[in-house]
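Peer 1: Have a look at the structure that comes next, please.
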Amino acid sequence: MEELREASLEMLVELARPTSHDNVLDYAAGAGIAGFAVAPDVRHVEAADELPDTLDEGARLAGELGLVNVSFSLVDLYALPYEAGFFSLVVCRNALHLLPEPVTALAELLRVTSGGGRIVIIDPVVDAVTDKAFNDLARLREPAHRRHYRPEELDGLVAPAGLRIKERRQLRRTIDLDYWLQAAAVPPAKAELIRGRLKGFPPDVQAAMDLAFADRLVSFSYDICGVRLERA
């Protein structure tokens, strides 16, 4: 799978530092890719989401990959069905920008994390130049999108939830537009609209996103931030 080779997964594993004793929650897991990344090194992974179709796909993929220590659960993301302190490690990848109530979600993650446990969040981020343009584009691609945050905004999200950032990393990802659209199952008409929006971005935004055009081929870059959180 292409997604399993992403550098952001390597960053997640480095921040998480998984051990054979860890009981892991993959929060807002989708198809469970983040959980798959740590599964070989931990006791068990519980991939939890509120979307049954993606969980079904995750269960199929886990079977193909032979990951017998990954299970999938349909949950309310803001009222998780787990006891306090049940998990020693929580991972959440590419989901923070979808959450309508991120502080409430983070507080719920803290509740189910054991004392001394770790919470690792991986998500795209923006800066002052790309903030509006990239968020508008992401919302057009995926209507459920809420907001890609600026790195400095993350502190303002985690503190009210009773957390603090213990470690922070960032990487740059360059991606082909067609792949980015296909990953979200964007229909052709909307894909053309997004393509046109990119071409119409101001020069400073195009430069900040490393936009490159070659006939029908388009690529761009964005930053991904990874943070390891601990109880404040």
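Peer 1: Where in segment 61-144 are the strands (runs of 3 or more DSSP E), entirely inside, with at least 3 residues that are over 17 Å from Ile165 (Cα atoms)?
Peer 2: 70-74
Peer 1: Give segment 57-78 a look and list any residue that's of a type outside the set (A, V, I, L, M) and at negative phi, or say none. It would help to see each step written out before you state the result.
Peer 2: Taking segment 57-78 and keeping what is of a type outside the set (A, V, I, L, M), we get 57-58, 60, 63-64, 66, 69, 71-73, 76, 78.
Scanning segment 57-78 gives Glu57, Gly58, Arg60, Gly63, Glu64, Asn69, Ser71, Phe72, Ser73, Asp76, Tyr78.
Peer 1: Taking Leu177, is it surrounded by 13 or more Cβ atoms within 10 Å (Cβ to Cβ), under 16 Å from the mean Cα position of the chain (by Cα), of a type outside the set (Val, Ile, Thr) and within 28 Å of Val13 (Cα to Cα)?
Peer 2: no
Peer 1: Answer yes if at least one residue in segment 23-39 is surrounded by fewer than 16 Cβ atoms within 10 Å (Cβ to Cβ) and either touching a helix residue (DSSP H, G or I) at 6+ places or on another chain (Cβ under 7 Å) or modelled with pLDDT of 95 or more (or both), and no otherwise.
Peer 2: Of the residues in segment 23-39, the ones surrounded by fewer than 16 Cβ atoms within 10 Å (Cβ to Cβ) are none.
Within segment 23-39, not a single residue is surrounded by fewer than 16 Cβ atoms within 10 Å (Cβ to Cβ) and either touching a helix residue (DSSP H, G or I) at 6+ places or on another chain (Cβ under 7 Å) or modelled with pLDDT of 95 or more (or both).
Peer 1: Give the residue that is farthest from the chain's Cα centre (by Cα), with candidates limited to residues of segment 89-109 that are aliphatic (A, V, I, L, M) and under 15 Å from Asp155 (Cα atoms).
Peer 2: By that ranking, first place goes to Ala107.
Peer 1: Something else: Against the condition within 16 Å of the chain's Cα centre (by Cα), under 25 Å from Ile122 (Cα atoms) and not small (Gly, Ala, Ser), how does Arg231 come out, does it pass?
Peer 2: Working: within 16 Å of the chain's Cα centre (by Cα): no; under 25 Å from Ile122 (Cα atoms): yes; not small (Gly, Ala, Ser): yes.
The answer is no for Arg231.
Peer 1: Within segment 130-150, identify whether any single residue is in contact with a Leu (Cβ under 9 Å, 6 or more places away or on another chain), in contact (Cβ under 8 Å) with a residue 40 or more places away in the chain, surrounded by fewer than 18 Cβ atoms within 10 Å (Cβ to Cβ) and among the aromatic types (Phe, Trp, Tyr), and answer yes or no.
Peer 2: no
Peer 1: So, one more: Please determine whether any residue of segment 48-55 is acidic (Asp, Glu) and surrounded by 21 or more Cβ atoms within 10 Å (Cβ to Cβ).
Peer 2: Yes, because at least one residue in segment 48-55 is acidic (Asp, Glu) and surrounded by 21 or more Cβ atoms within 10 Å (Cβ to Cβ).
Peer 1: Then there is this: Could you tell me whether segment 217-225 includes any residue that is more than 18 Å from Val103 (Cβ to Cβ), surrounded by 17 or more Cβ atoms within 10 Å (Cβ to Cβ), in contact (Cβ under 8 Å) with a residue 12 or more places away in the chain and of a type in the set (A, V, I, L, M)?
Peer 2: yes
Peer 1: Condition (residue is surrounded by fewer than 20 Cβ atoms within 10 Å (Cβ to Cβ), closer than 30 Å to Leu193 by Cα and at pLDDT 95 or above) applied to segment 104-120: is it met by at least one residue?
Peer 2: Among the residues of segment 104-120, not one is surrounded by fewer than 20 Cβ atoms within 10 Å (Cβ to Cβ), closer than 30 Å to Leu193 by Cα and at pLDDT 95 or above, which makes the answer no.
Peer 1: While we're here: Within the group Ala208, Ala191, Ala212, which residue is farther than 18 Å from Pro102 by Cα, without any contact (Cβ under 8 Å) to a residue 40 or more places away in the chain and surrounded by 17 or more Cβ atoms within 10 Å (Cβ to Cβ)?
Peer 2: When all the criteria are applied, what remains is Ala191.
The values are calculated or read from the model by the stated rules, or taken from the named source; none is laboratory data. Computed from a prediction, not measured in an experiment: that's the story for all the values here. Neighbour counts are summed over all protein chains in view; Cβ atoms, including those assigned to glycine, are modelled from backbone coordinates with ideal geometry.
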